[in-house]
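The values are calculated or read from the model by the stated rules, or taken from the named source; none is laboratory data. From a predicted model like this one, the values you see are computed outputs, not experimental measurements. Cβ coordinates were reconstructed from backbone atoms using ideal geometry, including for glycine residues, and neighbour counts include every protein chain displayed. For the accessible areas, the whole protein counts, side chains as well, though only heavy atoms, and no ligand, DNA or RNA atoms are used. Shrake-Rupley method; radii C 1.70, N 1.55, O 1.52, S 1.80 Å.
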Amino acid sequence: MEKDMENRIRRALTEDEPVSEQAADRMVLLARMQWNTQDFRKRIGFMDLLLSQLWFAGWKMWVFELIIAAAPTLLIIQYAKLHVITPVKAAFSLSCLAVGISMLWIVFIYRSSYYRMMEIEAVSYFSIKRLLLSRILILFVGELAVITGISIVTSAYLAFGFRNGMAYMLFFLGVCGNGILFMLRTTETGRVCRYFLTYGILLFIVLLLLFRFLPQFFYEELQTWIALGSFILFGYYIYQGFLIGKQRERTTYA
């Protein structure tokens, strides 16, 4: 049927005599029929995109995070068996570990932004920023599970309870998560990795300065305030994710 309409349109266009109004109307009608019979791909929504990313790439990201996080965790445990680690040192070590694991996001974000994920963008309603948001959310969930496991394991070897370890690790996970979402929301995607790497280096420097000059920050007495700060940071993280998800941006193929 499509071939027949194509031939009829071709014949109408190649007629020598002037095109009458009736022929023009017939041509428009045939073109409209051809358009209506095309099979257009249905664009997916954000939740479908997130679930597809979770199924095809999420588990790989989580395994990668787990493998990378296992090495420093084992080093901390081995060191704790040979030396006494004070609560301040334990809080400092776990905070640095949380920031270090967050820096792994650069690997996946750089790859996605470098190739711009055109094949996914072509079938979704979303720009590269919201596509990167889906990757960041998956990595964030994976890191939550990883730091929970680290806190459980290390609490048996460090003079530091599970709740204390979780409080500090969640706090700096929230700091890193909000930092990268703020950069994704306010800067060009090509610069996010560079800015986030600089941000992570500055966080390490701040942690070292706190450990050296203000160790009171890592005292157990501040656990309640650190936990409260973690909840605030997580609330702001959700808010920033909502803002990015609601942004109206023109995609490459839209």
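Data table
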{"item": "Count of residues meeting criterion [open to solvent by 30 Å² or more (accessible area, probe 1.4 Å) and more than 16 Å from the chain's Cα centre (by Cα)] in the stretch 131-148", "result": "1"}
{"item": "Single condition GLY190 does not satisfy, out of (1) farther than 28 Å from GLN78 by Cβ; (2) at pLDDT 95 or above", "result": "(2)"}
{"item": "Boolean, LEU243 is modelled with pLDDT of 95 or more and either aliphatic (A, V, I, L, M) or over 22 Å from ARG163 (Cβ atoms) (or both)", "result": "no"}
{"item": "Single residue of the stretch 178-234 satisfying the filter (open to solvent by 50 Å² or more (accessible area, probe 1.4 Å) and outside any helix (DSSP H, G or I)) that is farthest from SER155 (Cα to Cα)", "result": "GLU188"}
{"item": "First in the stretch 149-161 and closer than 12 Å to ILE76 by Cβ, second anywhere and among the polar types (S, T, N, Q), Cβ under 6 Å, 6 or more apart", "result": "ILE150/THR73"}
{"item": "Residue identified as more than 20 Å from ALA91 (Cβ to Cβ) and in contact with a helix residue (DSSP H, G or I) (Cβ under 6 Å, 6 or more places away or on another chain) among PHE242, PHE217, PHE196", "result": "PHE196"}
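Condition check ((1) among the charged types (D, E, K, R); (2) at pLDDT 70 or above; (3) in contact with a helix residue (DSSP H, G or I) (Cβ under 6 Å, 6 or more places away or on another chain)) across all residues:
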{"position": "ARG10", "(1), (2), (3)": "yes, no, no"}
{"position": "ARG26", "(1), (2), (3)": "yes, yes, no"}
{"position": "LEU29", "(1), (2), (3)": "no, yes, no"}
{"position": "GLN78", "(1), (2), (3)": "no, yes, no"}
